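In what follows, a structure is listed as structure tokens, so that the remarks can point back to it.
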Amino acid sequence: MITGDLEKKAGSFYVADWEVRPAACEISRGGNVVKLEPRVMDLLQFLASRPGEVFTRMQLEEKVWPGLVVGYDALTKSVGKLREALGDTGKPPAFIQTIPKKGYRLIAAVSDEGGTGNGNSIESPSAATGKKLLLGGVGALLLLFGVMLVALKLYRDETSALPERRNSTAESALIVLPFKNLNDDPQQNYFGQGITDDLITELSGYSGMNVISSRIAFQYQDSDLDIGKLVDELGVRYVVEGSIRRSSEQIRINVQIFDVRSGANLWAEQYDRPLAALFDIQDEVRSKIVSALSLEIGELAINRELKRYTNSYDAYDAFLLGQNHLIKRASAEDNLEARRSFEQAIAIDPGFTRAYAALAMANSDAYRHDWVANPDLTSRIALAQAQHAMSLDPDSHHVSLAMGYVQLFVAGNHEAAASMAERTLQLDPGNADANVLLAVTYAHSGKPDKAEAYVESGMRLAPNQSAIYFAIGALANLVRGDNAEAREFYEKSLQINPDRFLGKVYMAITLVRLKELEEASWYAEEIRVSSPDFDARTWATKQPFKDRRINQQLFDDLRKAGLN
């Protein structure tokens, strides 16, 4: 507990590898300088003055806005701006941690010199858990997997009909590590992540080549690890790693592939070309990787045609930026940016199928959460966009997944949603998102046991999606009436992803059912801050439950929590 007057961290100092210059209201890393608003800098100074200690809202408001009466969202917005400036967008966070029902704390190292080694490094139990999930490799993931299997009671007869797990320890197994962004601008991370994801998808199209999914590979984003140990823990043999630097006209991509067991560098190349040549570089990188491994894994056959979704660099860039905003699904602002980016991609290339599919999903989210002025019109647009994407490419697993998403959350058609998810698995048997969609569909259909079986199947393919798995497990328990178990799983889900809007709403509902009204009202206030226009009745009505009596009960629970 903090007592007495709280002093600011004086003079220049470091938070991890960011240099903080309070007098200039700026932070810098490498050649990248980011300006902060004065209040945001004050906030950073206060957090850094006692790294690791939890500051309540009241304490921070008194110090950052002394003598002023500010709205409840002033601190929330300042924390968001600070996280954005630091590039603190990962799950779990690397800099600022939200402590539910308490406040915030700085968990990164604070020091008077650069680097992260000798400062006040903070590693709380929850932060340590996050670090183990991030750095511990498959050992930690398998531990989480085992816990989830027991807790969710997933050893059921339904699993016998589900897809078999890929053998991730095969002799030919390969991992593509997230390409590093060399622009020293966290806002550019989306570009390298998008290129990495597409390379993984394309390499996965070859039979005989077992590629670790992007969901697992991306847990090593921004991690300085011993490659040999990392790959030994994952059970793979080949590693692809690279970096990207781009300017307004040029792009430089460095990429290499090596055999961890022998230590041999099988191929390496540096590409320094105009931006318009990006797709040619991607084709060549894929071809060179296949060629480099051909002697090791024998003749390869392509499972499906590998094709470009667009020939426009500008359309592709806009699409990747939209994907970066879409996957957050945390706020109306992110959703708006996602829709704008996808619309820009389509304006540049009207035949960009994946952009239409992604835009349909973004519009579905806008409809679900009332993030637009005319939700009903947006719902019709979402369905039309999914249908148009289907007409452009009916054999795309991206399109079938998007159509299933729209059918569930917009049309409320559980049978069509399940059918599209199954179609996705036919086209892409390793698609974890299709299993998630099936799990959510069955949870809303009143079949919690079947929902949990598909959670298990999804975990086999992408064990580090733990936040959403816990959330689905919680919903399944809520549907069957086990409110105590539901609370436990929602707490775990929110611990991993504290900004998840839907998790906060369902947590408030669960707490009301447990007659924990004080805690329920705390989450209700968090909901009002992140979504001031939240309408409980409208939200409850839109939840795609087959038994519509559940929708009325959801509204009644939210009203008891203080939401109207």
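Rounded to the nearest 20, the Cβ-based charge dipole of the range 405-564 about its Cα centre (Lys and Arg +1, Asp and Glu -1) stands at 400 debye.
With a cut-off of 15 Å, note down the residues of the range 535-564 whose backbone N falls inside the zone around a label point 7 Å from the Cα of Asp376 toward its beta carbon. Counting only backbone N, you get 538, 542. Taking only the Cα atoms of the range 439-562, the radius of gyration and Dmax are 13.8, 40 Å.
Exceedance of the 21 Å cut-off in Cα-Cα distance is limited, within the set Lys515/Lys542; Lys102/Lys492; Lys77/Lys504, to Lys515/Lys542. D by Stokes-Einstein for the range 23-62, Kirkwood Rh over Cα pairs, 25 °C, 0.890 mPa s: 216 µm²/s. Spin-label model, Arg57 to Ser262: label points 7 Å out along the Cα-to-beta-carbon direction sit 6.1 nm apart.
Calculated FRET efficiency, Arg537 to Leu517, Cβ-Cβ distance, R0 = 25 Å: about 0.80 to the nearest 0.05. Once the chain from Phe279 to Asp482 is taken as fully extended at 0.36 nm per residue, the excess over their C-alpha distance is 68.0 nm. How high is the FRET efficiency between Asn564 and Ala23 when r is their beta carbon distance and R₀ equals 35 Å, given to the nearest 0.05? Using R0 = 35 Å, I get an efficiency of 0.15.
Each of Gln553, Asn497, Ala432 was placed along the dipole of the range 431-564 (beta-carbon charges, centred on the mean Cα), and the one lying farthest toward the positive end is Gln553. Here's how it looks for Val240: its modeled amide H is under 5 Å from those of Ile175, Val176, Leu177, which are all 5 or more places away or on a different chain. Taking 0.36 nm per residue of separation and subtracting the current Cα-Cα distance, fully stretching the chain between Glu525 and Ser291 would add 78.6 nm. Here the mean projected area of the convex hull built on the C-alpha positions of the range 302-402 is 6.2 nm². Model label sites at Lys35 and Lys102, defined 7 Å from Cα along the beta-carbon direction, differ in position by 3.7 nm.
Coordinate-derived values only; no laboratory data. As the structure is a computational prediction, the values presented were derived from the model and not from experiment. Don't worry about glycine lacking a Cβ; one is built from the backbone with ideal geometry, like all the others, and counts go over all protein chains shown.
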